[in-house]
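Report on the following structure.
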Amino acid sequence: MLLPVIPELTIHRFKFLGAQGDLQDGMRHRSELYRHVASFEIEQHRQAYALGIDLAQHGGKTVLTRSQGSCAVWVSLRSCCGMTK
């Protein structure tokens, strides 16, 4: 299974209230909205990818973003596990 890796410069970040009323980080890429799951230093990109694969296997539409020094895992707000923390 391959996960999309999106350059950080191509996403649009926003904040939103989660199901429990907590403030969460989100992003939009194309027509999809995602919730931030975790961030990693670029040296830990394998851990980020492994987490993304695990989430995808449990039904979440998952993507990774990458910048020069870090990467992040995101799950679609429309997927079955996108609304859980």
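None of the figures in this text is laboratory data; all of them are computed from the coordinates on show. Bear in mind the structure is a predicted one, so any value in this text is a computation, not a measurement. A quick note on method: Cβ atoms are made from the backbone with ideal geometry, for glycine too, and the neighbour counts reach across all protein chains shown.
Sorting Asp54, Asp25 on the 10 Å Cβ count, fewest up front, what's the list? Ascending number of Cβ neighbours within 10 Å: Asp54, Asp25.
Look at Ser76, Ser39 and count the other Cβ atoms within 10 Å of each Cβ; fewest to most, that gives Ser39, Ser76.
To the nearest 500 deg cm²/dmol, what mean residue ellipticity at 222 nm is calculated for the chain from DSSP H runs of n ≥ 4 alone, each contributing -39,500 (n - 2.57), summed and divided by the residues?
Helices in the chain give a 222 nm mean residue ellipticity of -5000 deg cm²/dmol.
If you take the alpha carbon atoms of the chain and fit the smallest convex hull around them, that volume is 88 Å³ per residue.
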